[in-house]
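The values are calculated or read from the model by the stated rules, or taken from the named source; none is laboratory data. Since we're looking at a predicted model, the values are computed, not measured. We place every Cβ from the backbone using ideal geometry, glycine too, and count neighbours over all the protein chains shown. The accessibility values were calculated without ligands, DNA or RNA, using every heavy atom of the protein model including side chains. Shrake-Rupley method; radii C 1.70, N 1.55, O 1.52, S 1.80 Å.
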Amino acid sequence: MAAALSLKCAVCGREYAPDAVAYTCPACGPVGTLEVLYDYTALAAHLDRDRLAASRVASMWRYRDLLPLPEDADVPPLRVGMTPLYDAPRLAADLGVGAAWVKDDGANPTGSLKDRASALVVARATAMGISTVATASTGNAAAALAGVAASVGMPVVILVPAAAPEAKIAQLLIYGARVVLVEGTYDQAFDLCVDLCERTGWYCRNTGMNPYTAEGKKTVAYEIAEGLGWDVPDVVIVSVGDGNIIAGVHKGFADLHRLGWISRIPRLIGVQAEGSSALARAWQDGTDARSMGPEPAETLADSISAGLPRDRAKALRAVRQTDGAFVAVPDSAILAAIPALARLTGVFAEPAAAAVYAGARRAVEYGFVKPDERVLLLSTGSGLKDVRRAQQAVTGGLRSAADLDSVWQALGSPKAN
Ligand SMILES: *Cc1c(COP(=O)(O)O)cnc(C)c1O
Ligand SMILES: [Zn+2]
């Protein structure tokens, strides 16, 4: 419903008319990712946060007044967003903080937060009369695009490196996506998708290139704020690969702050895997996004593996402007975080998502989070996405013969209740 006013480059600050540019800043190239801005004075004058509370729309579209879509645009039927927000007192005690919450975005239809971006991209493609959407990805972004596109019967084309894991490709094929296995790297597939969309006029969802992915993802910040009665946490902890999620979370809180609906923006702490920690190091060294170059990335948390994070400029800004921090955690801590988070909260997260638990522990240890503070951990993807890694994180199971006494003994002869 909201008409975007401009697209602003995160690197040079140039502003463009929304129709003038489709993807990144023409002056800066790929590093210059764009942010969607509105006339906040006009929005504040006719929107009311208390009226929102009465909305019966239980999906991200309850915020469509703050999303860049024509008033009469259809939105995909798949129910994306309004994911559970759990108060987690045992997690708070474990971390040694004042209060803790988990926002479980693994509960989205295709199992990750990426659904928020894909839902907005598909809605925009429909509104613009574009026939087909495409992306390069092996992981959750492609699954989200394939799933949301399937819900409206829109053709989708996915370019993946030929070496991508078969299980991930299966989810795309299940949704009916046309999958092209490119004999090359992810970066080659990414660039080919850009060229393909240029040739065909298809809409390209490539993360950190399409300005509307972060715009869809920002709705998770709206849900956090509304869910806590507009009294936002002191700190929000987010896992980071390309940096598009943390950029979206920052944008969401910044929107609400501009509208006067929240009094401050939480400090954002980004969690990376040690083997894929370009942003953590750039933050530590004070490096500018423009001087970062490609480097190898290796982690079992495949959803946060990124050698040259595509949304690096916005991710660094999200942390620097909110006085937050980056932490890097080893793969061993990420693996151990899967059962730890599940046992403390009941939320089963994939490695990249459970990483926020390992990151939270480290952030407390480093003093980035103080003992009396209120902390929210954003869980970005379901544990069912990567059952193989989960199997590596646990052992156990008690052997028993098939009679009651044996089962009882296997359980250590427990007392009756
Ligand atoms: C994509 C993804 C991330 C990281 O998001 P970026 O925008 O690449 O930083 C984290 N966790 C999960 C589950 C993801 O799918
Ligand atoms: Zn620019």
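Once the piece of chain linking Arg290 and Glu198 is laid out straight, how much longer is it, given 0.36 nm per residue of separation minus the C-alpha distance between them?
Working: separation 92, 0.36 × 92 = 33.12 nm, distance 2.52 nm.
Extra length available between Arg290 and Glu198 comes to 30.6 nm.
Set the Förster radius R0 to 56 Å, insert the Cβ-Cβ distance between Ala3 and Ser332 as r into 1/(1 + (r/R0)^6), and round the FRET efficiency to 0.05.
0.70
Run the reach check for Lys114 against lysines, Cα to Cα strictly under 20 Å, same-chain hits fewer than 8 apart removed. What comes back?
Within the straight-line limit of under 20 Å, Lys114 reaches these lysines: Lys103, Lys168, Lys217, Lys218, Lys251, Lys314, Lys385.
Could you work out the Kirkwood radius for the range 1-118, taking every pair of different alpha carbons, averaging 1/r and inverting it, reported in Å?
Every distinct Cα pair counted, the radius reaches 17.2 Å.
When the Kirkwood radius is taken over all Cα pairs of the range 274-389, what Stokes-Einstein diffusion coefficient follows at 10 °C and 1.306 mPa s, in µm²/s?
Translational D for this selection: 106 µm²/s.
Show me the ranking of peptides 315-321, 296-302 by mean Cβ neighbours inside 10 Å, starting with the highest.
Listed from highest to lowest mean packing, they are 315-321, 296-302.
Calculate how large, on average over all directions, the projected area of the Cα convex hull of the chain is; give the answer in nm² to one decimal.
With the hull built on Cα positions only, its mean projection is 22.4 nm².
Tell me the accessible surface of Ser151 in square angstrom (1.4 angstrom probe, heavy atoms of protein chains only), to the nearest ten.
So the heavy atoms of Ser151 present about 40 Å² to solvent.
Looking at the P(r) of the range 120-273, how many percent of alpha-carbon pairs lie beyond 20 Å? Show your work: numbers first, answer last.
Values: 6387 of 11781 pairs.
Tail fraction, whole percent: 54.
Is it possible to state the helix-based mean residue ellipticity at 222 nm for the chain, with each DSSP H run of 4+ residues giving -39500 (n - 2.57), the sum divided by total residues, to the nearest 500 deg cm²/dmol? What is it?
Dividing the helical sum by the residues of the chain leaves -11500 deg cm²/dmol.
Rounded to two decimal places and with Rh computed the Kirkwood way over Cα pairs, what is Rg over Rh for the range 194-266?
Result: Rg/Rh = 1.11.
Suppose each label sits 7 Å from its Cα in the direction of the beta carbon; what would the Ala402-Ile130 distance come out to in nanometres?
So the label points at Ala402 and Ile130 sit 5.8 nm apart.
Across the Cα atoms of the range 221-307, what radius of gyration and what greatest pairwise Cα-Cα distance (Dmax) are found, in Å?
Taking only Cα atoms of the range 221-307, I get Rg and Dmax of 14.8, 43 Å.
At 1.4 Å probe size, what's the solvent-accessible area of His257? Round to the nearest 10 Å².
Roughly 80 Å² of His257 is accessible to a 1.4 Å probe.
Could you state the per residue volume, in Å³, of the convex hull enclosing the Cα atoms of the range 26-93?
Details: hull volume 15.5 nm³, N = 68.
In the range 26-93, the Cα hull volume divided by residue count equals 228 Å³.
Could you pull the Rg and Dmax for the range 67-185, using just the Cα atoms, both in Å?
Gyration radius and largest Cα-Cα distance of the range 67-185: 17.1, 52 Å.
Is the C-alpha gyration tensor of the range 127-193 telling us rounded, prolate or oblate? Criteria: a/c under 1.5 is rounded; beyond that, a/b larger than b/c is prolate, otherwise oblate.
oblate
I'm a student and want to see the number: the projected area of the Cα convex hull of the range 342-412, averaged over all directions, in nm².
Result: 7.3 nm².
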